[in-house]
1. When you go through (1) of a type outside the set (D, E, K, R); (2) within 13 Å of the chain's Cα centre (by Cα); (3) open to solvent by 70 Å² or more (accessible area, probe 1.4 Å) one by one for TRP72, which number turns out not to apply?
2. What number goes with the only condition from (1) closer than 19 Å to VAL129 by Cβ; (2) touching a Pro at 6+ places or on another chain (Cβ under 6 Å) that ASP76 does not pass?
3. Can you list the helices (runs of 4 or more DSSP H) found entirely within the stretch 1-102 that contain at least 3 residues being away from the ligand (no atom under 16 Å from the Cβ) and either out of contact with any Phe, Trp or Tyr (no Cβ under 9 Å at 6 or more places or on another chain) or farther than 30 Å from ARG152 by Cβ (or both)?
4. With the requirement that a residue be of a type outside the set (Gly, Ala, Ser), under 20 Å from ASN16 (Cβ atoms) and either open to solvent by 50 Å² or more (accessible area, probe 1.4 Å) or not in a loop (DSSP other than H, G, I, E, B) (or both), what does the stretch 120-147 give you?
5. Quick one: would you say ALA96 is open to solvent by less than 50 Å² (accessible area, probe 1.4 Å) and either free of Cβ contacts under 8 Å to residues at least 12 places away in the same chain or out of contact with any strand residue (DSSP E or B) (no Cβ under 7 Å at 6 or more places or on another chain) (or both)?
Amino acid sequence: MKKLSLHEKYMKQALNQAKKAYQQGEVPIGCVIVYQDKIIGRGYNKRKKEKSPLAHAELIAIKKASKTLGDWRLEDCSLYVTLEPCQMCSGAIVQARIPKVFIGCQNPKAGCAGSILDLFHVAEFNHQVNVEHGVLAEESQALLKQFFQELRKHSQQIKEKTST
Ligand SMILES: [Zn+2]
């Protein structure tokens, strides 16, 4: 087996978070925040369970990391997320002054780290974010693909049941 780099190792932890979301019937997206080689915040998508559009993996992890450090600024932290962040989460990352973000796969339908917008490199903002794309991208993508395939199969079965 190929040896994982440090960044891949943390992305694996984010993927573990995404798998928790999957098991709970949520779109599998996970996030961890690292400070001095330690994970200080974890989060996975809980939008359905919390019935909240705010319950994204990144926001949950940011909340926890801020609590752990006792500071709203996460200036010396790195954030790992399995899917390119949306406009809300990219905004929160800029607000939290996180300097470095590692992203799994791209999100052409909602991504704001380059796909639709690039909120991490707006010169007029007082903070820019260093980004690395494609960390264990295949694994993140495969998990999402599997989730939506199962979802479609499931809704197809329900349709068939209700129509007979
Ligand atoms: Zn988001």
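1. Evaluating TRP72 over (1) of a type outside the set (D, E, K, R); (2) within 13 Å of the chain's Cα centre (by Cα); (3) open to solvent by 70 Å² or more (accessible area, probe 1.4 Å) leaves (2) as the failure.
2. (2)
3. On the way: elements: 6-23, 47-50, 57-69, 87-95.
Passing ranges, in order: 6-23, 57-69.
4. Residues of the stretch 120-147 that are of a type outside the set (Gly, Ala, Ser), as a first pass: 120-122, 124-133, 135-136, 138-139, 141, 143-147.
Add one more test, that the residue is under 20 Å from ASN16 (Cβ atoms), and what stays is 132, 135-136, 138-139, 141, 143-147.
Within the stretch 120-147, GLU132, GLU138, GLU139, GLN141, LEU143, LEU144, LYS145, GLN146, PHE147 meet the criteria.
5. Details: open to solvent by less than 50 Å² (accessible area, probe 1.4 Å): yes; either free of Cβ contacts under 8 Å to residues at least 12 places away in the same chain or out of contact with any strand residue (DSSP E or B) (no Cβ under 7 Å at 6 or more places or on another chain) (or both): yes.
The answer is yes for ALA96.
The values are calculated or read from the model by the stated rules, or taken from the named source; none is laboratory data. Keep in mind that this is a model prediction, so the values were computed, not measured. Because the Cβ atoms are built from the backbone with ideal geometry, glycine has one as well, and the counts that use them run over all protein chains shown. Accessible surface areas use protein heavy atoms only, side chains included; no ligands, DNA or RNA. Shrake-Rupley method; radii C 1.70, N 1.55, O 1.52, S 1.80 Å.
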